[in-house]
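Engineer: Mind having a look at this structure? Questions to follow.
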Amino acid sequence: MTSPAPVAAQSPALIAALLAVDPARLGGVVLIGPHSAARDAAIEQLLAPWPATSPRRRLPITTTDDRLLGGLDLTATLAAGRPVLDKGVLHASNGGVVIVPMAERMPALMASRLAAALDDGKIRLERDGVSAALPARIALIALDEARDDEAGLAPAMKERLAFHLELSSLMPVRDWPPAADAGSIALARERLANIRMPESHLAALSEAALACGIDSLRAPLMAVSAARALAALEGADEVDADHIAQAAALVFSHRATRLPQAQPAEPEAPESPEDAQADPPPEYAQNEADDKTPETTADETERLLEAVRAALPPGLLAALAAGATRARQRGAEGRAGARQRSASHGRSLGATRMNSRGGRVHILATLREAAPRQALRRSLQGTPGKLRITRDDLRVHRFESRRSLVTVFVVDASGSAALHRLAEAKGAVELLLADCYVRRDRVALIAFRGAGAEMLLPPTRALARARRCLAGLPGGGGTPLAAGIDAALEVCARVHRGGDRSAIVLLTDGRANIARDGAPGRERAEADARVSARQLRAAGIPTLLVDTSPRPQAFALALAAEIDGLYLPLPHADARLLNQAVRATAQDGKARA
Amino acid sequence: MFPFTAVVGQEELKLALIACAIDPSIGGVLAFGDRGTGKSTIVRSLAALLPPIQVAEGDPYNLPPAPATATPKTTKSAKAPAAPRAIKVPVPVVDLPLGATEDRIVGALDLERALTQGIKTFEPGLLARANRGFLYIDEVNLLEDHLVDLLLDVAASGENVVEREGLSIRHPARFVLIGSGNPEEGELRPQLLDRFGLSVEVRTPTDLPTRIEVVKRRDAYERDPAGFTEKWDKETAKLRARIAKAQAHLGEVESDDALLEIAARLCQQLGTDGLRAELTLLRVARAVAAYAGAKKVTVAHLRELAPAALRHRLRRDPLDEASASSRVERAIQELLGS
């Protein structure tokens, strides 16, 4: 076996060939990196092995269902006088390649449509009076332009695309080997059905996936298909150890959530190439940290939660979101996360009679109203052929646009927030999360301690995940308060860019001792924190500062004033203090409202 | 279609579906869990598994053939149309496609006939097609709220009422609602959860031999779908016969008051809301007993799907998805012994 050890892809050539040989089982490839000449060259290479006549389409992430899946072709219907099908992008790309730019911002709805197409190889269309089953066997190239700190491609997509190409880790373009041509791909496709795969190889791939901490069973199945495609390209009759090693490297390395432990001697189990891995994913780092966290007993935690429960005024988040304290929230219109009936944009709620306010004509509904009357109108008017529509027939769209709220929780996990306070803070966050659940908002989670702040969870609707993330949060280290606030600001800026609103809940004891640049020192740290607070105030984001120190800290209070947000001290379980705190907060809230 | 009997593991989901096939009044199954666990595959394979039903040929609502009434001789006039003959068809398992619009789900004006002939007729939708069968909603947590509400209402009432575009139609729509989804993509509303009879957590198997077997079978199926399915035909036929027998004998299964008391106590201990939990528990227990070929329902039958009937009905911390199942298990152990 003199073939080189398997490595992660250094050029798109091999992946391009494999994808063209078996697109149905391999799904596609994620191309990670910003828009650049190298990326264009990569896309060219990925498309090269496909026959010139196969469709290639760019799919903007703003594509709506009716363009994506298809529906009624209105113009043709009106011209022909009977329903004519409009086939949609997915069916039009059948047997070809679909490229999705800015794939990391793909809405969940679109991701689910694409996922279904990748799984079934066809679209079942039941829209706008049309019922059809259309083949849609496509290969997907997802262009992921997310920066390091942003959420990447939706998991439903990542799961179904076998390969990853990290542009920054590829060789320079001029060193790339040429892509395979359509002829050799066609030959390989023919050989594919007859390639033998010993069962031991199947088992080895399954085991390797498990060892890498890959939960999904799609991964080993895709690796099996990749191995077969590799063998087919080489002209071999049977899949051998090199093939599965290479397949595992290509399919598993970017999905691994842990490095495999040293396995007992297994001649065929391929080594996962550690060197080719990107930075270890946050889950891995989290698992390690978990081992070092000491635990409170279950009873203690319950007691703390009770105390927190009693102290938090109800509807706190609602008050925050309603902007009771924020007069100048950017783009404030309507209630947070509330539904707005709109005449022009949002999600369609169907059609209604047109009134004086007008609106966008819902052509299909209008057609349905007018159609049965055509015979009568024709007989009255005499001239055949034209479709006659009167004002009474007109129907307009009713839309509903929803601007959701993202609540960013910024948790102080430093050593000064001693362990039991952290537990209380976590309890407070849990209760606030429950509030979010009720209104189906999204949450994001940022923790700061030691050198800086870390985004634990990008804005997500999966509140159970948020809770789990929070539960596993360890404590210790200095308090980089400024960094925490800065990180929150960044997340909010991104949320606003996406068109949603945001609110911040900052849990800290206010004992800032790490400045923005990471240097220790109380004075500088506090000064930096104030600067960040002022930026927060300027951004106009509603903020709640929960003071988790045993006695309400002057600095925390001052910071809340700088931010111009709500201040809430989290008291010990003391009945008198509890009452006072609750009353004080209620009065405070009233005063500001 | 990948055969139901060839699916490795996922015993709880398979049994839940079989129970709903035996007794449709149980109220459907919600399968939630990890990606790539074969949820959709299992549900879609039901059509090939279940015993076929008798319908009137060409009937858009899958209605049973009209009973052979003794027609008086006087109506043997030339105008009497021939009654549609009875045929056997597989149980309808209708997949609600993603992106389906309301008019195709509920049914609407037949546009073609309206445009070409100028008459108003009703074109039945997916709910009509699902009558007497199953309606499967994949990614139920992504479905628009108003569509979910509509489907739940129809599932509960068993009838589809259409008032639109000048049409006024009512037709039977009795089906078992099956939903699947991944909670990581979004929480399910509590009202939605409660309407499903059973809920099942679907997880990818963690032990290596099972995982290898899943990969092996899936690979073999993809290489040769027809051959693979044929290998499992015998198993499928056996299971089909067993289900048919259970359906036939469901009415004869006896349950005594002691069992009712146990069910009530279990629900009381867990603090389930309302009485739906008890009713579902009992129905499911009887279906399981019928499936086992027993004449009487025992505690063992009750236990089998008790977690599925109860885990989504606990007055619970909505963020605490793990503890629901374990709370049910614990309560069962305490009450019924391990």
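The values are calculated or read from the model by the stated rules, or taken from the named source; none is laboratory data. Source: prediction; values computed, not measured. Virtual Cβ from ideal backbone geometry, glycine too; neighbours counted across all protein chains shown. Only protein heavy atoms, including side chains, enter the accessible area calculation; ligands, DNA and RNA are left aside. Shrake-Rupley method; radii C 1.70, N 1.55, O 1.52, S 1.80 Å.
Engineer: Once you place label points 7 Å from the Cα toward the Cβ at B:Q191 and B:S25, how far apart are they in nm?
Structural biologist: A separation of 2.6 nm, rounded to one decimal place.
Engineer: What list of ³J(HN,Hα) couplings, whole Hz, do you get for region B:31-44 from phi and the Karplus terms 6.51, -1.76, 1.60, once you set θ to phi - 60° and write x for glycine and proline?
Structural biologist: Result, ordered by residue: 9, 10, x, 4, 6, x, 9, x, 4, 4, 4, 4, 5, 5 Hz.
Engineer: If you take every DSSP beta bridge whose two residues both sit in chain B, what share of them, in percent to the nearest 5, is antiparallel?
Structural biologist: Details: 14 of 34 bridges.
Bridges in chain B that DSSP calls antiparallel: roughly 40 percent.
Engineer: At what distance in nm do the modelled label points of A:R58 and A:V531 sit from each other, each positioned 7 Å from its Cα along Cα→Cβ?
Structural biologist: 4.1 nm
Engineer: Can you check what the Kirkwood hydrodynamic radius comes to for region B:178-234, Cα pairs only, in Å to one decimal?
Structural biologist: Details: mean 1/r = 0.0683 Å⁻¹.
Kirkwood radius, region B:178-234: 14.6 Å.
Engineer: Still on this structure, please answer the following. How big is the A-B contact in terms of buried accessible area, both chains counted, 1.4 Å probe, rounded to the nearest 100 Å²? Walk me through the numbers before you get to the answer.
Structural biologist: Working: alone 29310 and 18140 Å², together 41920 Å².
That pair of chains buries around 5500 Å² in total.
Engineer: Between A:E44 and A:A471, what's the calculated FRET efficiency when r is the beta-carbon distance and R0 is 41 Å? Round to 0.05. Intermediate values should be presented prior to the final figure.
Structural biologist: Numbers: r = 47 Å, r/R0 = 1.15.
Calculated transfer efficiency: 0.30.
Engineer: Long-range amide H contacts for B:I53: which residues qualify at under 5 Å (H placed 1.01 Å from N, peptide plane, sequence gap of 5 or more or a different chain)?
Structural biologist: Answer set, sorted by chain and number: B:V89, B:V91.
Engineer: What is the calculated FRET efficiency for B:Q54 to B:L208, with r their C-beta to C-beta distance and R₀ = 41 Å, to the nearest 0.05?
Structural biologist: Numbers: r = 46 Å, r/R0 = 1.12.
Using R0 = 41 Å, I get an efficiency of 0.35.
Engineer: Something else now. Two-decimal Rg/Rh of region A:161-215 from alpha-carbon positions, Kirkwood Rh?
Structural biologist: On the way: Rg = 16.5 Å, Rh = 15.1 Å.
In region A:161-215, Rg relative to Rh is 1.09.
Engineer: Would you pull out the residues with amide H under 5 Å of A:E238's amide H, same chain only if 5 or more places away, H placed 1.01 Å from N?
Structural biologist: Amide H neighbours of A:E238, under 5 Å, 5+ apart: A:R196.
Engineer: Quick one: Karplus J couplings for region A:59-70, per residue in order, coefficients 6.51, -1.76, 1.60, θ = phi - 60°, nearest Hz, x for Gly and Pro?
Structural biologist: Rounded to whole hertz, the list is 10, x, 6, 8, 4, 8, 3, 5, 7, 6, 8, x.
Engineer: Using +1 on the beta carbon of Lys and Arg, -1 on that of Asp and Glu, and nothing else charged, what's the dipole of chain B about the Cα centre, debye to 20?
Structural biologist: Values: 44 positive and 47 negative charges, 304 e Å.
So the dipole magnitude of chain B works out to roughly 1460 debye.
Engineer: Quick check: the angle from helix B:276-291's long axis to the longest principal axis of chain B, C-alpha only, nearest 10 degrees?
Structural biologist: Result, in degrees: 90.
Engineer: Residues of region B:163-177 with backbone nitrogen within less than 15 Å of a virtual label 7 Å along the Cα-to-Cβ line of B:L63, please, listed as ranges.
Structural biologist: Flagged as within label range: B:169-174.
Engineer: Under 5 Å between amide hydrogens, which residues at least 5 positions from A:V505 or on another chain qualify, with H placed 1.01 Å from N in the peptide plane?
Structural biologist: When sequence neighbours closer than 5 places are left aside, the close amide H contacts are A:V408, A:F409, A:V410, A:L544.
Engineer: Leaving out ligands and nucleic acids, note down the accessible area per residue over region B:153-236 with a 1.4 angstrom probe, in whole Å².
Structural biologist: Details: 3980 Å² over 84 residues.
In whole numbers, region B:153-236 has 47 Å² accessible per residue.
Engineer: Taking the Cα-to-Cβ direction at A:M102 and at B:T298 and moving 7 Å from each Cα, how far apart do the two end points lie in nm?
Structural biologist: Modelled inter-label distance: 6.4 nm.
Engineer: Taking only C-alpha pairs under 8 Å that are 6+ residues apart, what is the relative contact order of chain B in percent? Show your work: numbers first, answer last.
Structural biologist: Working: 526 pairs, mean separation 76.7, N = 338.
It rounds to 23 percent for chain B.
Engineer: By how many degrees, between 0 and 90 and to the nearest 10, does the Cα long axis of helix B:11-22 differ from the longest principal axis of chain B?
Structural biologist: The answer is roughly 40 degrees.
Engineer: Report the residues of region A:96-137 in range of a label on A:A76: point 7 Å along Cα→C-beta, backbone N strictly under 20 Å from it.
Structural biologist: A:96, A:122-137
Engineer: For A:A37 and A:D119, what does the FRET efficiency come to when R0 = 30 Å and r is the distance between their Cβ atoms, rounded to the nearest 0.05?
Structural biologist: On the way: r = 34 Å, r/R0 = 1.14.
The formula returns an efficiency of 0.30 here.
Engineer: Hey, another quick one. State in Å² the accessible area per residue of region A:433-528; use a 1.4 Å probe, count heavy atoms of protein chains only, and round to the nearest integer.
Structural biologist: Details: 3370 Å² over 96 residues.
That works out to 35 Å² for each residue.
Engineer: Same structure, new question: If Lys and Arg each add +1 and Asp and Glu each add -1, what is the summed charge of the other residues whose beta carbon sits under 11 Å from the beta carbon of B:Q269? Don't jump to the answer; show the numbers that get you there.
Structural biologist: Values: positive: B:R265, B:R327, B:R330; negative: B:E334.
Taking every Cβ under 11 Å from that of B:Q269, the sum is +2.
Engineer: Relative contact order, percent, of region A:43-90 when contacts are C-alpha pairs under 8 Å separated by at least 6 residues? All intermediate terms of the calculation are to be shown ahead of the outcome.
Structural biologist: Numbers: 34 pairs, mean separation 16.1, N = 48.
Worked out over region A:43-90, it gives 34 percent.
Engineer: Mind listing the phi-derived Karplus ³J(HN,Hα) values for region A:179-185, rounded to whole Hz, using 6.51, -1.76 and 1.60 with θ = phi - 60°, and x for any glycine or proline?
Structural biologist: These are the phi-based 3J(HN,Hα) values: 6, 5, 9, 4, x, 5, 5 Hz.
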